Amino acid sequence: MSTTKLRLTQTDLGADGYRIEIEVDGDGFARQTATSQFHFALNPQDRIYLRWYLEDFLLYPQDPAPNVAAGVEKRMTEIGKDLFNHVFQSRDATKLWARLQDKLISTRIEIATTIEGATDIPWELIRDPDTDAPLALRAPAFVRAHTSPAQPTYVPKGDAGPIRILIVICRPGGDEDVPFRSVASRLIKGLGEDARKLFQLDMLRPPTFAQLGKTLREAKAAGNPYHVMHFDGHGMYANVVESSAVSESLKRAIPFMLSGPREGAHGYLLFENPDSPENAQLVDGPGLGKLLVDTQVPVLVLNACRSAHADVALAPEEVKLDDEDPHAKVRALGSLALEVMDAGVAGVVAMRYNVYVVTAAQFVADLYAALVRGQTLGEAVTRGRQQLAANPAREIAFDPRPLQDWPVPVVYEAAPIALFPKSDDTAPLTITLEDAGDGAGLDPALPRRPDAGFYGRDGTLLALDRAFDTESVVLLHAFAGSGKTATAAEFARWYHMTNGLDGGRVLFTSFERKTTLRDALGHFGQVFAPALERSGIPWSAIIDTAQMRDVALQVLSQVPVLWIWDNVEPVAGFPAGVESDWSDGEQRELVDFLRDARDTRARFLLTSRRDETEWLGDLPRRIAVPRMPMPDRVQLTRALAEKHNRRVTDVDDWRPLLEFTQGNPLTITALVGQAQLYRLKTKEDIEAFVGRLRAGEAAFDDEPAQGRSKSLSASLSYGFEHAFDEKQRKQLALLHLFQGFVGARSLQLMGEPKADWCVPEVRGLTRDDAVALLDQAAEVGLLTALGGGFYDIHPALPWFFKGLFDKHYPPEPDSGGKNARLETQRAFVEAMGVLGDYLHNDYEEINQALIVDIMAEESNLLYARQLSRANAWWNPILGTMQGLRSLYRHTGRHGKWRQLVEEIVPDFVDSKSDGPLPGKEKYWSLVTEYRVRLAMKALDWAEAERLQHVCVDWDRQRASDALARRPDALGQAERELIRTLAVSLERLGSIQREQGQSDCVGLYEKALSLYNQIRDQAGAAVCSFNLGHAYKDLETIRDLNLAETWYQRTMSMLKEGQGRSRAQCLGELGRVAFERFRQAATAGKSKPEQNEHLSDARRLSHQALDLFPENAVEGLAVTHNALGNVYGQLGDLDRALDHFREAIRYREIQRDLLYAGRVRSNVALFLHDARRSSEAREYALAALRNFETYGPRAAHWVGKTQKLVANIEAALEQRRD
């Protein structure tokens, strides 16, 4: 414990003036005092930057944020040194510090303030200029204290028994909230066996304030009050009655506030309250503090965000809150932490800013590790801060980045609080954390935890862990459905997060489909290619498998890797006797690689349904997955029953069924679902059900030669025998073709009676019939119903569907030459082609909410496209492409779309003439349209215009006869030819418009005339929209009234479901209003007139933002950039920057560096105008780097940005002079 105390008592003198009374006493010191008086204030820019750095930087780390963050870190250092110099500026203070400096490592520092002045000065930043060391990291304890608490403080004496901690985890938002146990579970699972004996960790259930009071009072009455209440949840600071920062939903929770509504801004914790419409209760500091004092709980630990915020006083008796200021909450009076202390609680640990989960978890673990060694609360917080400073890497949504967030935790301590006797063991207690989610080092392909949760398998995880202490190759084997893949994935997370790989990587490769060694090494290369490139090894240029193998072994010799090879049973043929897709040589390649890799730092975890002795011999250490223990089976059963909106109340009734499952998770899933389907309730019902299962065990004999249990086969066989007839089983076999998702309409399309590819088993199947069939499959656990006739196919069941498919649709032709397998595959491909085309058309013309359906069908569309190309079924391929086109454009995945287009171009286009290949004429126009749009996206205007002229000529020639006929005499095919020509003319117009050519208007008008001729309203709407662009964007013909007219006309032609298109029109109308503002400003119009245009621009842009779905990244990027411009002109730079950062983020999701650069250029201009030139230069240079990646195609933007950089640097030089 500290032997010397330095107390700094802060007195506010007004007008940013402070008097600091310095007092030192303790070991070797007679009491000494000194006084300093100075002016100090963080300017608004400093406050903005500090909040941004600690709360937003890791969420938006795009260039140039890292450079700006470095500037903030430098400024934090400057503030700390300035503060130190102010405090110790007087002669007496200087002398006092000189005597104290060498004893700092044994000095307790207390900062005493009033509630009102507690956050005027960021004391945690104070730094000794001579050593460049923050005092909060050097002193063993650096705490806040009260000058005059309202209530006397109860300080406990250190107990000999365990530290009693009550953990309160509140998630009012349920599934939408922060993951349950995200912080607290790291503490609980992180405690070693010795540490567990020193802690009594209790969880508050349910996490309501009423239950908290009941629990704390009962503990006190029993003579064992808790030492610590640990709150893991949400905190907020606002005027909950008036502030615009508070959502309407939380305002509805005001009647459930503990103390009732309070005037002004205060701190609140959000407890759960099922009686509230929002499942929330706001609890303030006085109410919580009184409860803790009454129940003798001396310490409160808050992981809540903003839990240490308080306000600086604007005047001695005046507090104001500007609802339009996003930083007003930071400066609001009434910090919850201070109010709890004022009520008499001895110690509070809170967070000064919104805290990241990774920061909170690490800090809390280190805090308790120090407390258990007998350190005081202040000393334990210092220990936590030191660990945060020493290990600054934080993983949020991106790669790990350093963050100096050690000043975020703030500790309030009335007097030194030691909850535990001082330990004689000088070795620090280390708590190893389990990470709450997948982060750096884990392969994105690693399967997620099962939907119903991962239960049990602790023994298997431990066995795997121990096996890898001595072995390099381990095989995890068990019967199908035992959870091998889930267990392997869970172990990988555990092994990685407990540093079993010493900072290495986890890789995951599935062998469910044919994967050769070269394929596996290809995945390896995707992961390690960036590092290899940096080391001078061009992985992408290596094409020889032997060389790839050699490089991989060299990497594995240096980098620890856990590589999961999942579902390897097909490699040697599965079931036994089935010819393998892998040749003998390919099988040997895999085994030889494993043998050679044994001498590296790599570890391989293989999973299979059998022990693979014939293939692998004695190479691996084998671990069999045991049965789930009964408690875990019960837990899984309850979870499954709840998914059916039912409850398992009497566990003993279910015991016969759970015993029959032999602890196989997939069997439990299937049979519990089946029992729910049959409405089995009593013990007698379940016993009879089990009897019937046993009687039919031989019905599904998966692989008897392997000597496996037949329970899974029996259970699924019984389900099919009793839930489905033979015709239905043949229909369900078609699910093998679907890639993890199936819709009833797809099965219906495969049975279209008029199609020559109709599958007889589903001929004439209605949608209702298909839904009934799939619903029944979902009831027995084969599918997961999503609603609306859509289903997820359970990831553990592809093998089962394949078995059915092979049985009912064999690959060999029958005696009549009919190949049922090939015909069924063609039906699937044709159905997906029709579906893709339908979804594309309806998405574009009617209902853009259909993007959700297209996203779900993505894997099916890609697989159908693959089968289509492999079998030269050209008609459906473009249908699948159309569906994927809408998806990738909507979500901004331009790279993926480019890849798909480039793959099919040789299938349809003559490489010499760019014309159609023979027999491909009807497909050529659409494929060439794809090429044109790709050229436009790449800013290759010459190529885009060349190809588009070819298209126009081709389409005009094909439509010549139709153009000569009267509109009322046109057939559907002729209308389509005219429509194709209109699209071509319109696209040529857009290419010219992008190049600043006013001739585009004539092309648009011609296209619009053709659209009107065939009454194509959707086409006319798009053309009108582009005419609005022309009159808004082209200076030579700019007419904002005409632009507005065309946009309004487009709006009038849109249908109700076209929300994205409506949002685009509103956004463009907002930009028309913004252009009017610019014209008014240039013409010197009055401020009210200018502001009226800006107000219109802001209103329309926000309306557009509200209409865009969250996955419409293109529209969101454009609209956020527009709002950034609007708020910048309104003088609200902080909100402008928020919108600009969002725009940059969305552009980088699209990998659209051109437009990302344009946004960064906008930011630089606004920052330069605000005299934030250093930051402006960083953004301008980042924009320049973006533009330079496009070479000559972005010469205009490069030159413009170079001038901007020169102007900024000139301004900086002038200020230095």
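Couple of notes before you dig in:
- Filtered residues of the stretch 965-998 (kept if of a type in the set (D, E, K, R) and more than 45 Å from the chain's Cα centre (by Cα)): Arg965, Arg966, Asp968, Glu974, Arg975
- Of all residues in the stretch 865-891 being within 14 Å of Asp907 (Cα to Cα) and free of Cβ contacts under 8 Å to residues at least 24 places away in the same chain, the one that is surrounded by the fewest Cβ atoms within 10 Å (Cβ to Cβ): Ala872
Conditions tested, residue by residue: (1) over 46 Å from the mean Cα position of the chain (by Cα); (2) part of a strand (DSSP E or B); (3) within 29 Å of Ser90 (Cβ to Cβ); (4) hydrophobic (A, V, I, L, M, F, W, C).
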site: Leu8; (1), (2), (3), (4): no, yes, yes, yes
site: Asp12; (1), (2), (3), (4): no, yes, yes, no
site: Arg19; (1), (2), (3), (4): yes, yes, yes, no
site: Ala30; (1), (2), (3), (4): yes, yes, yes, yes
site: Gln37; (1), (2), (3), (4): yes, yes, yes, no
site: Leu54; (1), (2), (3), (4): no, no, no, yes
site: Tyr60; (1), (2), (3), (4): no, no, no, no
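- Tally, over the stretch 605-619, of residues that are touching a helix residue (DSSP H, G or I) at 6+ places or on another chain (Cβ under 9 Å) and without any contact (Cβ under 8 Å) to a residue 40 or more places away in the chain: 1
- Among the residues of the stretch 826-864, just one is of a type in the set (A, V, I, L, M), farther than 17 Å from Ala1112 by Cα and surrounded by fewer than 18 Cβ atoms within 10 Å (Cβ to Cβ), namely Leu862.
- Test: residue in the stretch 861-873 that is assigned to a helix (DSSP H, G or I) and among the charged types (D, E, K, R): yes
- Checking the stated criteria, Thr77 turns out not to satisfy the condition of being surrounded by fewer than 17 Cβ atoms within 10 Å (Cβ to Cβ) and assigned to a strand (DSSP E or B).
- Residue satisfying condition, being modelled with pLDDT of 85 or more, aromatic (Phe, Trp, Tyr) and more than 12 Å from Leu605 (Cβ to Cβ), within set Phe491, Phe454, Phe511, Phe468: Phe511
- Selected residue (criterion: surrounded by the fewest Cβ atoms within 10 Å (Cβ to Cβ)) from residues of the stretch 1044-1054 that are hydrophobic (A, V, I, L, M, F, W, C) and not in a loop (DSSP other than H, G, I, E, B): Met1053
Conditions tested, residue by residue: (1) out of contact with any strand residue (DSSP E or B) (no Cβ under 6 Å at 6 or more places or on another chain); (2) part of a loop (DSSP other than H, G, I, E, B); (3) surrounded by 15 or more Cβ atoms within 10 Å (Cβ to Cβ); (4) at pLDDT below 80.
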{"residue": "Asp618", "(1), (2), (3), (4)": "yes, yes, no, no"}
{"residue": "Pro631", "(1), (2), (3), (4)": "yes, no, no, yes"}
{"residue": "Asn645", "(1), (2), (3), (4)": "yes, yes, no, yes"}
{"residue": "Asp652", "(1), (2), (3), (4)": "yes, no, no, yes"}
{"residue": "Ile668", "(1), (2), (3), (4)": "yes, no, yes, yes"}
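- Filtered residue count, the stretch 35-50, keeping only those that are surrounded by 19 or more Cβ atoms within 10 Å (Cβ to Cβ), under 14 Å from Ile79 (Cβ atoms) and not aliphatic (A, V, I, L, M): 1
- Some residue of the stretch 1040-1060 being acidic (Asp, Glu) and in contact with a Gly (Cβ under 7 Å, 6 or more places away or on another chain): no
- Out of Val1159, Val1163, sole residue that is modelled with pLDDT of 90 or more and within 24 Å of Asp940 (Cβ to Cβ): Val1159
- Unique residue being without any contact (Cβ under 8 Å) to a residue 24 or more places away in the chain and either among the small types (Gly, Ala, Ser) or buried (at least 23 other Cβ atoms within 10 Å of the Cβ) (or both) when the list is Gly1084, Gly1057, Gly1067, Gly1115: Gly1084
- Matching residues, the stretch 991-1006, being buried (at least 21 other Cβ atoms within 10 Å of the Cβ) and not β-branched (Val, Ile, Thr): Gln992, Arg993, Cys1000, Leu1003, Tyr1004
- Odd one out for Arg1171, checked against (1) surrounded by 16 or more Cβ atoms within 10 Å (Cβ to Cβ); (2) part of a loop (DSSP other than H, G, I, E, B); (3) free of Cβ contacts under 8 Å to residues at least 60 places away in the same chain: (1)
- Boolean, Tyr1179 is surrounded by 17 or more Cβ atoms within 10 Å (Cβ to Cβ), in contact with a helix residue (DSSP H, G or I) (Cβ under 6 Å, 6 or more places away or on another chain), farther than 24 Å from Gln995 by Cβ and touching a residue at least 60 places away in the same chain (Cβ under 8 Å): yes
- Look at the stretch 1139-1163: where a residue is farther than 18 Å from Phe1108 by Cβ and a partner is surrounded by 19 or more Cβ atoms within 10 Å (Cβ to Cβ) and basic (Lys, Arg), sitting 6+ places away or on another chain with Cβ atoms under 6 Å, you get Ala1156/Arg1147.
- Filter result for the condition that a residue is under 19 Å from Ala69 (Cα atoms) and either of a type outside the set (Lys, Arg) or touching a strand residue (DSSP E or B) at 6+ places or on another chain (Cβ under 6 Å) (or both), over Leu1181, Leu1153, Leu1123, Leu1130: Leu1181
- Hits in the stretch 88-103 - residues which are within 26 Å of Gln375 (Cβ to Cβ) and either at pLDDT 90 or above or part of a loop (DSSP other than H, G, I, E, B) (or both): Trp97
- The number of residues in the stretch 1-57 being modelled with pLDDT of 85 or more, among the aliphatic types (A, V, I, L, M) and closer than 21 Å to Gly378 by Cα comes to 4.
- Matching entry among Gln748, Gln728 (being more than 17 Å from Arg826 (Cα to Cα), over 35 Å from the mean Cα position of the chain (by Cα) and among the polar types (S, T, N, Q)): Gln728
- Qualifying positions in the stretch 1055-1078 - under 18 Å from His840 (Cβ atoms) and small (Gly, Ala, Ser): Gly1057, Gly1059, Ser1061
- Pick from the stretch 758-803, criterion in a loop (DSSP other than H, G, I, E, B) and at pLDDT below 90, ranking: nearest to Asn664 (Cα to Cα): Ala796
- Candidate set: the stretch 1026-1043, residues that are touching a helix residue (DSSP H, G or I) at 6+ places or on another chain (Cβ under 6 Å) and crowded, with 19+ Cβ neighbours inside 10 Å; chosen: the one nearest to Glu845 (Cα to Cα): Asn1026
- Listed by position, the helices (runs of 4 or more DSSP H) inside the stretch 317-425 whose residues that are at pLDDT below 80 number at least 2 are 336-342, 357-371.
The values are calculated or read from the model by the stated rules, or taken from the named source; none is laboratory data. Everything quoted here is computed from the prediction, not taken from an experiment. Reconstructed Cβ throughout: ideal geometry from the backbone, glycine too, with neighbour counts over all protein chains shown.
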